[in-house]
Amino acid sequence: MSLRAHVVVRRGALLVDVDLTVADGEVLAVLGPNGAGKSTVLRVLAGLLAPDGGRVALDVPGGEVVWDDDEVHVPPHQRPLGVVFQDHLLFPHLSVTDNVAFGLRTRGVRRAAARTTAGAWLDRVGLAGLGDRRPTQLSGGQAQRAALARALVGEPRLLLLDEPLSALDARTRLTVRAELRRHLAEFAGCTVLVSHDPVDAMALADRVVVVEDGVVVQEGTPAEVARMPRTDYVARLVGLSLLPGQGRGTTVVLDGGGVVAVGEPAEGPVFVAVRPETVALYPARPEGSPRNVWPVRLVGATPHGSTVRCDLGGEVPLTADVTATAFAELGLVPGSSVWASVKASEVAVYPR
Amino acid sequence: MPAPLLVPALLGVAFLVLPLVGLLVRAPWSDLLPQLAEPQVGQALRLSLLSATLATAVSLVLGVPIAWVLARSTLPGRSVLRAIVTVPLVLPPVVGGVALFLVLGRQGIVGRFLYEQFDLTIPFTTTAVVIAETFVAMPFLVISVEGALRAADARFEDAAATLGADRWTTFRRVTLPLVAPGVAAGAVLCWARALGEFGATITFAGNFPGTTQTMPLAVYLALQSNPEAAIVLSLVLLGVSLATLLLLRDRWLGRSGSPVA
């Protein structure tokens with residue numbers, strides 16, 4: 001049993017054309033910048049938007065149920081799904097219990113039984129005793145937990161999470177993310193998580209699909225995507241400098257002109273990925289003979305925890321994390337010329 | 001404040017307030033209760049309350065669905081529909097009364113059919129009063145509810161759909177409770193307008209005490225014969241108007257945005 005979807009939607013200038021497959025029990029993250037079409041894909045899967053083309057089907061024992069194709073469009077209320085929206089969308093006129101019971105009531109469960117089940121789900125998501133409250137009387141994290149209970153109470157086959165954590169503050173986010181991870185592990189159906197936050201995607205998903213401008217640009221496990229990004233967007237998200245070039249043994253000639261020495265030999269079109277914390281900056285050309293030394297210029301700097309993230313321009317454009325002390329000692333201002341160095345063994349190289 | 005604005009503003013306020021003050025000054029306060037106890041007055045008041053309430057009920061049943069179609073459906077020609085629905089707002093009520101008479105009178109397109117098939121005559125009955133009031137007052141309800149529907153977050157309806165609710169269930173269990181304050185405000189406006197209806201009523205329903213003579217008609221008639229009674233009846237209508245205003249202020253300002261439980 002699994003979800004197979006080929007979603008084609010035209011939205012103004014953007015043509016969304018995305019292929020997704022989600023196995024039972026699997027959590028697929030659709031990661032992408034705002035406006036890439038991720039939410040459009042989610043709306044199609046939910047049945048809230050009829051696609052312009054493609055096919056959405058759910059495998060069931062002994063066959064499949066088609067939700068969308070050229071002839072069929074199953075409306076959302078006939079799809080066995082649960083959706084958690086970004087800002088929870090709990091009905092303000094119903095108590096928390098009645099919100100969670102809503103999906104049972106619409107499917108014909110009697111009021112008392114629905115409320116009992118809803119209460120059990122509230123216990124499960126850690127909201128025991130809050131069932132009589134109105135959604136406005138819940139904190140952001142509590143509301144999102146209630147929304148999760150509401151989505152799961154009907155035992156859906158497909159769970160859709162639309163930026164479920166992005167409305168929460170950083171601290172709450174951490175706890176709710178951990179709880180969500182636990183609930184997703186227990187959930188037997190397919191899960192599609194839409195997010196622009198790589199941490200959510202990496203922490204919650206078994207597999208990540210990166211969507212940019214309406215198409216899938218990369219697909220893999222969170223670890224693969226984090227280690228070997230294939231587009232600038234993903235590289236920026238995971239905090240890597242991504243440099244396309246041509247492999248010539250243990251050196252790579254970058255498309256932008258520079259040369260990078262790498263630890264493992266590579267041939268043909270490759271990506272070079274450099275982690276910011278492996279880049280060292282020097283006021284003058286460093287002594288000795290490190291293989292990777294380039295003159296660079298500071299383009300911009302932003303505080304990043306206890307370090308300063310420096311965007312460097314030059315033949316080899318890089319990002320470097322230096323300590324605040326080092327940043328001050330180097331006397332860096334935008335436009336400063338410095339030398340950047342990185343060990344060849346620290347540079348990742350993989351085919352394009 | 002600049003005088004060119006302040007002076008006309010004060011004049012305007014005086015213009016609006018003075019007639020009401022005049023009414024209060026001329027009111028036969030000592031004679032009030034006996035006047036109100038007149039059978040004619042009680043009759044007119046009961047008829048007015050009954051017909052305005054029925055007109056509001058009809059407007060709710062027909063007008064809320066119109067508002068939903070205008071605000072939520074993707075039907076083509078909705079702007080034309082909106083224009084049609086709001087025509088009675090700008091149409092002189094007398095014209096509305098004439099139009100109703102032409103359609104529902106014994107010689108009218110629908111009226112002849114009703115008379116010949118069911119022996120039903122509508123004009124000059126209490127039913128005609130309710131129809132005339134509904135015709136004039138329903139647009140107030142439609143406009144108010146449509147505004148509330150547009151202001152309500154339609155994503156709650158998406159959420160309901162993903163929870164297995166079809167569109168009718170969604171409307172009953174989610175949309176309607178969310179816009180309840182707007183519906184209530186629209187109903188009050190509609191009721192107040194129906195209560196004050198004069199032109200369409202007198203044209204279509206006539207002026208028969210006990211069956212079609214509502215308060216405004218009684219006021220008009222009394223002014224010719226018994227000015228004191230006219231003033232008393234006017235005071236009653238003024239009181240109802242002020243009560244309406246207070247009720248709406250509570251709806252709009254007191255519980256702004258929060259749905260009625």
Result of the Cβ filter at 8 Å on segment B:170-199, keeping first residues that are more than 14 Å from every other protein chain (Cβ to nearest Cβ) and partners that are among the basic types (Lys, Arg) and surrounded by fewer than 23 Cβ atoms within 10 Å (Cβ to Cβ), at least 6 apart or interchain, is B:Ala185/B:Arg251; B:Val188/B:Arg251
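Per-residue answers, yes or no, for (1) open to solvent by less than 90 Å² (accessible area, probe 1.4 Å); (2) in contact with a Cys (Cβ under 8 Å, 6 or more places away or on another chain); (3) in the same structural domain as A:Arg248 (by TED's automatic domain parsing); (4) outside any strand (DSSP E or B):
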{"residue": "A:Val270", "(1), (2), (3), (4)": "yes, no, yes, no"}
{"residue": "A:Ala273", "(1), (2), (3), (4)": "yes, no, yes, no"}
{"residue": "A:Leu281", "(1), (2), (3), (4)": "yes, yes, yes, no"}
{"residue": "A:Arg285", "(1), (2), (3), (4)": "no, no, yes, yes"}
{"residue": "A:Gly288", "(1), (2), (3), (4)": "yes, no, yes, yes"}
{"residue": "A:Arg291", "(1), (2), (3), (4)": "no, no, yes, yes"}
{"residue": "A:Trp294", "(1), (2), (3), (4)": "yes, no, yes, no"}
{"residue": "A:Leu298", "(1), (2), (3), (4)": "yes, yes, yes, no"}
{"residue": "A:Ala301", "(1), (2), (3), (4)": "yes, yes, yes, no"}
Scanning segment B:60-78 residue by residue, those touching a helix residue (DSSP H, G or I) at 6+ places or on another chain (Cβ under 6 Å) and either among the acidic types (Asp, Glu) or open to solvent by less than 40 Å² (accessible area, probe 1.4 Å) (or both) turn out to be B:Gly63, B:Val64, B:Ala67, B:Leu70, B:Ala71
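Given the criteria in contact with an Asp or Glu (Cβ under 8 Å, 6 or more places away or on another chain) and of a type in the set (S, T, N, Q), does B:Gln40 qualify?
Numbers: in contact with an Asp or Glu (Cβ under 8 Å, 6 or more places away or on another chain): no; of a type in the set (S, T, N, Q): yes.
The answer is no for B:Gln40.
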Just to be sure, is B:Ala159 more than 26 Å from A:Thr106 (Cβ to Cβ) and either open to solvent by 30 Å² or more (accessible area, probe 1.4 Å) or not basic (Lys, Arg) (or both)?
no
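Among the listed residues A:Val272, A:Val293, which satisfies the condition of being over 21 Å from A:Val225 (Cα atoms) and of a type in the set (A, V, I, L, M, F, W, C)? Before the answer, list the steps.
Details: A:Val272 fails: over 21 Å from A:Val225 (Cα atoms).
It is A:Val293.
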Checking B:Ala137, B:Ala83 in turn, the sole residue that is closer than 21 Å to B:Ala205 by Cα and part of a helix (DSSP H, G or I) turns out to be B:Ala137
Checked B:Pro123, B:Pro88 against criteria (modelled with pLDDT under 95 and in a loop (DSSP other than H, G, I, E, B)); the one match is B:Pro123
Residue hits (segment A:121-137; open to solvent by 50 Å² or more (accessible area, probe 1.4 Å) and more than 10 Å from chain B (Cβ to nearest Cβ)) are A:Asp123, A:Arg124, A:Gly126, A:Ala128, A:Gly129, A:Asp132, A:Arg133, A:Gln137
The one condition A:Gly257 fails out of (1) under 19 Å from the mean Cα position of the chain (by Cα); (2) in a loop (DSSP other than H, G, I, E, B) is (1)
Look at A:Ala143 and say whether it is part of a helix (DSSP H, G or I) and more than 22 Å from A:Arg105 (Cα to Cα).
-> no
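Please verify whether B:Arg150 is out of contact with any Asp or Glu (no Cβ under 7 Å at 6 or more places or on another chain), more than 14 Å from chain A (Cβ to nearest Cβ), assigned to a loop (DSSP other than H, G, I, E, B) and of a type in the set (D, E, K, R), treating the condition exactly as stated.
Values: out of contact with any Asp or Glu (no Cβ under 7 Å at 6 or more places or on another chain): yes; more than 14 Å from chain A (Cβ to nearest Cβ): yes; assigned to a loop (DSSP other than H, G, I, E, B): no; of a type in the set (D, E, K, R): yes.
Spelling it out, it is not the case that B:Arg150 is out of contact with any Asp or Glu (no Cβ under 7 Å at 6 or more places or on another chain), more than 14 Å from chain A (Cβ to nearest Cβ), assigned to a loop (DSSP other than H, G, I, E, B) and of a type in the set (D, E, K, R).
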*Quick check: is even one residue across segment B:41-59 over 22 Å from B:Cys190 (Cα atoms), open to solvent by less than 70 Å² (accessible area, probe 1.4 Å) and over 15 Å from the mean Cα position of the chain (by Cα)?*
yes
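The values are calculated or read from the model by the stated rules, or taken from the named source; none is laboratory data. This structure is a prediction, so every number in the text was calculated from the model and none was measured. Cβ sites come from the backbone with ideal geometry, for glycine too, and all protein chains shown count toward neighbours. Note: accessible area is taken over every heavy atom of the protein model, side chains too, but ligands, DNA and RNA are not part of it. Shrake-Rupley method; radii C 1.70, N 1.55, O 1.52, S 1.80 Å.
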